[in-house]
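Shown next, in structure tokens, is the structure this report addresses.
The values are calculated or read from the model by the stated rules, or taken from the named source; none is laboratory data. Because the structure is a prediction, the values reported are computed rather than measured. Cβ coordinates were reconstructed from backbone atoms using ideal geometry, including for glycine residues, and neighbour counts include every protein chain displayed. Just so you know, the surface numbers come from the protein's heavy atoms only, side chains and all, with ligands and any DNA or RNA stripped out. Shrake-Rupley method; radii C 1.70, N 1.55, O 1.52, S 1.80 Å.
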Amino acid sequence: MRGKLIVGNWKMHGGLAANSALLVALLAGWKSPADRTVAVCVPFPYIGQARDALAGSAIAWGAQDVSAHVSGAFTGEVSAGMLAEFGCRYVLVGHSERRQLHGETDAVVAAKAAAALDGGLTPVVCVGETLAERNAGHTPAVVWRQLDAVMSVLGGRMTLTVLAYEPVWAIGTGVTATPPEAQAVHALLRARLAAAGAQGISVLYGGSVKAANAAELFAMPDIDGGLVGGASLDANEFLAIAAA
Ligand code: PEP
């Protein structure tokens, strides 16, 4: 269901002491207005730490990846059921770093989204084009292809997901899509979601979101919040983004 949502992606950062300080600062600083949800997606080993710190609070937690499989001989993988046992609410699927560095295809991303739903998690499905694809005018075709792959597997269950538009050229680069640039792609995605009756889900923007640019991005009519990488490691920055 559509609502404001801000998700922090810690990526492969942190450690017990640093996480503890960050979680304590988030809990102390988050005023939790009722109109938005905040979550952090932490590395697998620290999900228990996030649960212990955040249980009962207004901040949800989740993971950055999930296996497409339920159980079995899949060394190194973590299932949705395992994440659910640790109270995870969200899981990222199809982050560009997974697609680019780990060879995840559209089909794998779709299978992971389905596995997440099967396990009781909300998948945050990430789509986005590279700079070369944007410069070639292929942005709509790329993000539609990535989205269609997931919709074709999930069908009506697409309504149970969150979508994140993350232009690859904006992730971790300090270069942000302008609000009108982001809005244009969000509008395309939301229209496409209608094919699965899912135009009413939350569509997040991600890519160098900071406190300084969050408000103008989130003011766009089809942007429902953010997926925040680097800035989610700084409690003050992340809290300011969440409040934007
Ligand atoms: C991300 O990792 O999803 C992301 C958007 O990173 P950053 O905010 O650092 O660009």
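Remarks
- Mean-position separation - Cα centroids, region 13-85 and region 129-198, in angstrom: 25
- Shape class for region 1-107: prolate, because the ratio a/c of the largest to smallest gyration tensor axis (alpha-carbon atoms, square roots of eigenvalues) is 1.5 or more and a/b beats b/c.
- Applying 0.36 nm per residue to the separation of ASP118 and MET1 and subtracting their alpha-carbon distance, the gain on full extension is 40.4 nm.
- The slack between PHE44 and ALA212, meaning 0.36 nm per residue of separation minus the straight C-alpha distance, is 57.5 nm.
- Rg/Rh ratio calculated on Cα atoms of region 158-222 (Kirkwood radius): 0.98
- Entry note, the chain: relative contact order of 21 percent, from Cα contacts under 8 Å with a spacing of 6+ residues.
- Spherically averaged projected area in nm², based on the convex hull that wraps the Cα atoms of region 132-244: 6.9
- With R₀ set to 25 Å, the beta-carbon distance separating ALA84 from ALA107 gives a calculated FRET efficiency near 0.60.
- Per-atom-type breakdown for the chain gives carbon and sulfur 60% of the accessible area (1.4 Å probe, protein chains only).
- Simple Cβ-charge dipole of the chain, Lys/Arg +1 and Asp/Glu -1, about Cα centre, in debye nearest 20: 300
- One chain, two ends: ALA219 and LEU16. Fully extended at 0.36 nm per residue, the span grows by 69.5 nm beyond their Cα-Cα distance.
- Value of Rg to Rh for the chain (Rh from inverse mean 1/r over Cα pairs, i.e. Kirkwood): 0.94
- Solvent-accessible surface of region 153-229, taken per residue with a 1.4 Å probe and all protein chains present: 33 Å².
- FRET efficiency for ALA195 and ASP52, using Cβ-Cβ distance with R0 set to 41 Å, rounded to 0.05: 0.50
- Rounded FRET efficiency, nearest 0.05, which uses the C-beta distance separating THR75 from LYS31 and R0 of 30 Å: 0.10
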